Amino acid sequence: MTTTTLNTVEKSEMNLSSENDEKEEETTMESSNNNNNNNNNVNFKLQKPKKRKVNKETYNDVVEKRRRESQEARTMNEASTSSSSLVIPSRDDVVASCTSTSTLILMLGLGARFVVPKLAEMNPLTLGLIKDGVDWKHACLASALAVGVTAGRVAFMSASEDFRKETNDSNKQVLTNLEFPDVLFCAAYPALAEEMLFRGALMPALGGGAVGVLVAGTVFGALHISGERKVSFAVWAATVGILYGATCEYLADGDLFVPICGHALANIYSALLWRASESERGFEYK
């Protein structure tokens, strides 16, 4: 009995120890699994997800981008085409042509006013800016005329593809090789000559008034058709000529100085704006 009891007790002790060992192994495995899971969680937390690039372009942005690319391609194509077909004269040729043509026109205008003194009486050249000091009315009229014509030219170039191309081609031929003093001369001297003939002689010869303003302006526009300047340029020149005449006739008391000054300033502004736009495209001018 004692031996049997001892054996039973030993067996139960062995079973208990084995059970304890198994529990310890299970506890060890669970703790290791927990540690692995914790490590994985830590690693997962440490790895920050990459930010996805969000394309914020809208439909209008895409359309505007393609429109700009198309316009730039068309401009470059036109520039290369016109450059290959246009003959760009030298600086001396441009200045000589401007001087000779403008002098001839000026002589015609002055000659008509000399032969028919009444023409000079109807539209006198009073030099309103220095007559009896500064005539601010005439100064403001001349400045407003120049600004209005320049703004109108820019607007018409945006509205009319033909006028924009004709203006660019004409400017390219005339202005490309000129230095800055040449630009001022070739803008101001023709303005003096043309106003002396058309507003200083032809308009008063037609009796002034609406008829003189319209006919002189229309003839002025028609004579601008030459070379790269075609119908759209003639329409623009006629409109501007009528504006110069109306300003002289109805706002400046017939003072020829106002359209001369406004015309010259408008030519200068337009030339400088064109050269500035060309400089933005990478062209360098003197």
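The values are calculated or read from the model by the stated rules, or taken from the named source; none is laboratory data. As the structure is a prediction and not an experimental result, all values here were calculated from the model. Cβ: placed from backbone, ideal geometry, glycine included. Neighbour counts: every protein chain shown.
Name the single residue that is nearest to Cys248 (Cα to Cα) among those in the range 189-227 being in contact with a Phe, Trp or Tyr (Cβ under 8 Å, 6 or more places away or on another chain) and among the β-branched types (Val, Ile, Thr). My answer is Val219. Taken over the range 172-227, the criterion of being under 21 Å from Ala271 (Cβ atoms) and touching a Lys or Arg at 6+ places or on another chain (Cβ under 8 Å) is satisfied by Leu175, Asn177, Leu178, Glu179, Phe180, Asp182, Val183, Met196. Of all the residues in the range 71-87, those that are assigned to a helix (DSSP H, G or I) and at pLDDT 75 or above number 0. Within the range 165-180, take every residue that is in a helix (DSSP H, G or I) and either acidic (Asp, Glu) or at pLDDT 95 or above (or both) and give me the one that is farthest from Ala246 (Cα to Cα). In this case the residue turns out to be Asp169. Remark: Leu110 falls outside the filter, which requires a residue to be of a type outside the set (D, E, K, R), closer than 27 Å to Gly209 by Cβ, modelled with pLDDT under 95 and in a loop (DSSP other than H, G, I, E, B).
Listed by first and then second residue, the pairs linking a residue in the range 148-170 that is touching a residue at least 24 places away in the same chain (Cβ under 8 Å) to a residue that is β-branched (Val, Ile, Thr), with Cβ atoms under 7 Å apart and 6 or more places separating them unless they lie on different chains, are Val149/Val240. Could you list, in sequence order, the residues of the range 225-279 that are in a loop (DSSP other than H, G, I, E, B) and out of contact with any helix residue (DSSP H, G or I) (no Cβ under 8 Å at 6 or more places or on another chain)? Asp253, the sole residue that qualifies. Can you tell me how many residues within the range 181-209 are without any contact (Cβ under 8 Å) to a residue 12 or more places away in the chain, closer than 30 Å to Lys118 by Cβ and in a helix (DSSP H, G or I)? Going through the range 181-209 one residue at a time, the tally reaches 0.
Would you pick out the residues in the range 100-122 that are small (Gly, Ala, Ser) and within 41 Å of the chain's Cα centre (by Cα)? Answer for the range 100-122, where residues must be small (Gly, Ala, Ser) and within 41 Å of the chain's Cα centre (by Cα): Ser100, Ser102, Gly109.
The sole residue among Ala155, Ala146 that is loosely packed, with under 15 Cβ neighbours inside 10 Å, within 27 Å of the chain's Cα centre (by Cα) and at pLDDT 90 or above is Ala155. Between Ala238, Ala201, Ala264, Ala193, the distinction of being more than 25 Å from the chain's Cα centre (by Cα), closer than 24 Å to Leu125 by Cβ and at pLDDT 95 or above belongs to Ala193 only.
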